[in-house]
Amino acid sequence: MDNIIIAPSILTASFTNLEGTIRELEEAGSDYLHLDIMDGVFVPQITFGAKVVSDIKKVSKIPLDAHLMIVNPEKHIDDFAKAGCDIISVHFEGNIHIHRLIYQIKAHNIKAGIVLNPHTRVDVIEPIIDDIDYLLIMSVNPGFGGQKFIESSIKKIEEAKKLIGDRDIILAVDGGVNLKTCGKVLEAGANFLVAGSAIIDSDNKKDTINKLRGN
Ligand code: DX5
Ligand code: ZN
């Protein structure tokens, strides 16, 4: 089995003590930090932009995985890449030039990904599957942390795993991933778990991360 990558999302953490939280997540064995970038238009909430990402980069060596939930991502991709993101992913929904966006991200020599909302079919990525490094299946409707895992996502993860075949593409899942749901998500073929509240609300983050990994 592949190594399972765990990427805590800081969405539900207190933004007044980000450095402390990030250090705690680093010590607990996080592989990536998942950064939920929201603009209040693509999704209801507004979070933070490239300035905060570059500040995070200064205090931590953990690779950064930016999930862009914003309209017109082409206006901001270069700033997020320069701020130090290691993966940038854009939603399939609402973007009419996905192929161009993927290559705008890749021009920075970082990984480029596509995110699919719960209602979006997996096979939409077929024509550009050889262009992407990362596929993120949303298992909640994006916008907020702490939502319930949508069960139909399991079938989509299985389909995505099949479609990816032996290509070197990260298969990530985001939303409602916790100690109850992680087993079936891994079994379906995901190798990268984003988990927000399950890790942030846990008193023993190291133990939770290990358990999410399937250990
Ligand atoms: C939702 C975000 C997620 C969120 C996950 O829009 O994309 O990354 O932080 O939070 P949990 O794990 O609590 O569902
Ligand atoms: Zn996310």
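Quick check on Phe48: is it of a type in the set (Phe, Trp, Tyr), part of a helix (DSSP H, G or I) and within 16 Å of ligand 2 (Cβ to nearest atom)?
Judged against the criteria, Phe48 is not a match.
Glu158: without any contact (Cβ under 8 Å) to a residue 40 or more places away in the chain, away from ligand 1 (no atom under 16 Å from the Cβ) and surrounded by 12 or more Cβ atoms within 10 Å (Cβ to Cβ), yes or no?
Yes; evaluated as a whole, the condition is true for this residue.
Consider Thr12 carefully, then state whether it is outside any helix (DSSP H, G or I), hydroxyl-bearing (Ser, Thr, Tyr) and surrounded by fewer than 18 Cβ atoms within 10 Å (Cβ to Cβ).
yes
For (1) farther than 25 Å from Ala66 by Cβ; (2) within 15 Å of ligand 1 (Cβ to nearest atom), each residue gets a yes or a no:
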residue	(1), (2)
Gly146	no, yes
Leu163	no, no
Leu179	yes, yes
Ala190	no, yes
Asp201	no, yes
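Residues checked against (1) touching a residue at least 12 places away in the same chain (Cβ under 8 Å); (2) open to solvent by less than 50 Å² (accessible area, probe 1.4 Å):
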| site | (1), (2) |
| --- | --- |
| Ile4 | yes, yes |
| Glu19 | yes, no |
| Glu26 | yes, no |
| Asp36 | yes, yes |
| Gly40 | no, yes |
| Asn72 | no, no |
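What number of residues within the range 149-166 satisfy the criterion of being in contact with a Ser or Thr (Cβ under 6 Å, 6 or more places away or on another chain) and of a type outside the set (A, V, I, L, M)?
2
Restricting to the range 173-215, and then to whatever is in a helix (DSSP H, G or I) and under 20 Å from Phe15 (Cα atoms), can you tell me which residue is least open to solvent (accessible area, probe 1.4 Å)?
In this case the residue turns out to be Ile199.
The values are calculated or read from the model by the stated rules, or taken from the named source; none is laboratory data. All values reported here derive from a predicted model rather than from experimental measurement. With ideal geometry, Cβ positions are generated from the backbone for all residues, glycine too; neighbour counts draw on all protein chains shown. We work out accessible area using only protein heavy atoms, side chains counted, and drop any ligands, DNA or RNA first. Shrake-Rupley method; radii C 1.70, N 1.55, O 1.52, S 1.80 Å.
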